[in-house]
Amino acid sequence: MRTVTISKVDALQDAPGLEDNISVSLDQSGRKKPLLVVRNGPNEGARFSLTSNDSVIGRHPDSTICLDDVTVSRRHAHLEQSGDHVVLRDLGSLNGTYVNQERIEEAVLAHGDEVQIGRYRMVFFESAT
């Protein structure tokens, strides 16, 4: 088991301390358990394990990954796992979906990619616990 620490980016640019960091344990046993971890925004530090092959990200309470903020559309984006790939698709959201600060319609996620949906900035992990 290996642990990765994500340093928080402080918008006020004052010196972040160790208590601001988020730690994620990586699963190296060969089992794939993709994970999104909220780096900045509401619910900072929240973890969303991608256990199903289809996940809807949105503000609606019935969403697989519910991000309760007005900057997120009710049905904002869709995650689809196919083999070793996780594909992120925007569902016509008002504020867009971003991967590594680029607006996307569709993108295959890679380990360490930053996904931004509304005010949420999340880091994608291919295999984590």
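The values are calculated or read from the model by the stated rules, or taken from the named source; none is laboratory data. A quick note: this is a predicted structure, and the numbers were derived from the prediction, not measured. Note that we place each Cβ from the backbone using ideal geometry, even for glycine, and neighbour counts take in every protein chain shown. The protein model used for the area step is the full one, side chains on, heavy atoms only, and it has no ligands, DNA or RNA in it. Shrake-Rupley method; radii C 1.70, N 1.55, O 1.52, S 1.80 Å.
Annotations for the structure displayed:
- Of residues in the range 93-120 being open to solvent by less than 70 Å² (accessible area, probe 1.4 Å) and among the β-branched types (Val, Ile, Thr), the one farthest from GLY45 (Cα to Cα): ILE104
- Those residues of the range 70-98 which are closer than 19 Å to ARG59 by Cα and assigned to a strand (DSSP E or B), in sequence order: ALA77, HIS78, LEU79, GLU80, LEU88, ARG89, ASP90, THR97, TYR98
- Members of the range 45-69 that are touching a Ser or Thr at 6+ places or on another chain (Cβ under 9 Å), in a strand (DSSP E or B) and of a type outside the set (Phe, Trp, Tyr): SER49, ASP54, SER55, VAL56, ILE57, GLY58, ILE65
- Selection within the range 43-72 - in contact (Cβ under 8 Å) with a residue 40 or more places away in the chain and open to solvent by less than 30 Å² (accessible area, probe 1.4 Å): ILE57, LEU67, ASP69, VAL72
- Subset of the range 106-129 [part of a strand (DSSP E or B) and out of contact with any Lys or Arg (no Cβ under 7 Å at 6 or more places or on another chain)]: ALA107, VAL108, VAL115, GLN116, ILE117, TYR120, PHE124, PHE125
- Residue check, ASP90 surrounded by fewer than 11 Cβ atoms within 10 Å (Cβ to Cβ), of a type in the set (D, E, K, R) and modelled with pLDDT of 95 or more: no
- Hey, ARG103 out of contact with any Phe, Trp or Tyr (no Cβ under 9 Å at 6 or more places or on another chain) and assigned to a loop (DSSP other than H, G, I, E, B) or not: no
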